[in-house]
Amino acid sequence: PLPRGWERDRPPRGFAFHSSFGCPTDCTFCCSPALTGRRWKAIPGDRLADEIAALHERFRFDTLRFQDANWGVAEKRAAEFCRGLVERGVDVHWNATIEIETVVRYRAATLDLLSDTDCTLLSLGAETRHIEIEDIPRALGALYERGIVAGTFWIIGYPGEDAASMEATLRQAARVKLLFPGSASEVYPFRAIPGTEDWDAARAL
């Protein structure tokens with residue numbers, strides 16, 4: 001989606017950046033646990049703000065897309081980055097990936113900082129592990145009330161998953177779309193990725 005309040009007569013100029021590597025979550029459908037050993041290494045928040053400020057001065061982009069697999073792992077880093085943008089006067093709309101459990105875990109003050117620095121979109125995986133079903137509307141609601149669009153992704157058709165389970169997922173995806181208009185709620189069919197637990201399970205079936 002366009003950044004909130006975008007009224008200029010041209011598309012926004014975008015810039016992509018990797019600020020971290022890896023992901024600590026043990027999702028069985030994802031290749032990251034085997035590839036990275038569930039390690040997560042990231043540029044510290046204050047230094048990240050310095051780098052983005054310098055790049056913004058040079059390239060004058062309007063939107064910043066963090067291409068990290070899981071940008072929001074560390075709340076302290078996220079807050080430092082946001083405060084750094086404010087202190088350096090960087091005016092840019094930005095978006096990133098974050099997990100539902102992370103949004104639920106963040107303090108309200110940190111979520112406010114995300115909004116205050118024009119974080120306009122956060123992509124969340126509803127298929128990740130270690131979340132409760134009600135964590136999903138709780139997280140989306142916290143973002144929605146701050147004007148942050150949530151892009152939520154679901155997966156159906158895991159190895160051995162029955163029709164009732166898939167239908168339940170579809171109902172939940174429809175429910176959050178109804179509760180939070182303007183936010184995405186996209187359902188994808190399971191695709192087996194070599195090297196994952198679910199690849200082995202799919203082959204066995």
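Across all directions, the average projected area of the convex hull around the alpha carbons of the chain is 12.0 nm². For the peptides 29-35, 68-74, the ranking by packing is 68-74, 29-35, with the highest mean count of neighbouring Cβ atoms within 10 Å listed first.
Neighbours of ILE43 by Cβ distance under 9 Å: Lys/Arg scored +1, Asp/Glu scored -1, total +2. Per the Debye formula on identical point scatterers at the alpha carbon atoms of region 80-186, with no solvent, log10 I(q)/I(0) at q = 0.09, 0.11, 0.16, 0.20 Å⁻¹ is -0.26, -0.37, -0.70, -1.00. The charge dipole of the chain, taken about its Cα centre with unit charges on the Cβ of Lys, Arg, Asp and Glu (plus for the first two, minus for the last two), comes to roughly 400 debye. The Cα trace of region 115-161 gives Rg and Dmax of 12.7, 44 Å, the first to one decimal, the second as a whole number. Ordering ILE156, ILE193 by accessible surface, largest first, gives ILE193, ILE156; the 1.4 Å probe counts only protein heavy atoms, with every chain in place.
Note on ARG8: accessible area approximately 130 square angstrom, rounded to 10, probe 1.4 Å, nucleic acids and ligands left out.
Leaving out ligands, DNA and RNA, and with a 1.4 Å probe, what % of the accessible surface on region 66-129 is carbon or sulfur?
46 percent
Among 162-169, 144-151, 14-21, 76-83, the peptide with the highest mean count of other Cβ atoms within 10 Å heads the list, and the full ranking is 76-83, 144-151, 14-21, 162-169.
For region 138-204, the fraction of C-alpha pairs more than 20 angstrom apart is 41%.
The alpha carbons of region 36-99 stretch over 36, 19, 17 Å along the principal axes, in descending order. The helix-based estimate of mean residue ellipticity at 222 nm for the chain, built from -39,500 (n - 2.57) per DSSP H run of four or more residues and divided by its residue count, is -12000 deg cm²/dmol to the nearest 500.
The values are calculated or read from the model by the stated rules, or taken from the named source; none is laboratory data. Just so it is clear, the model here is predicted, and its values are computed rather than measured. Ideal geometry is used to build each Cβ from the backbone, glycine not excepted, and the neighbour counts take in all protein chains shown. Surface areas here come from the heavy atoms of the whole protein model, side chains and all, with no ligands, DNA or RNA. Shrake-Rupley method; radii C 1.70, N 1.55, O 1.52, S 1.80 Å.
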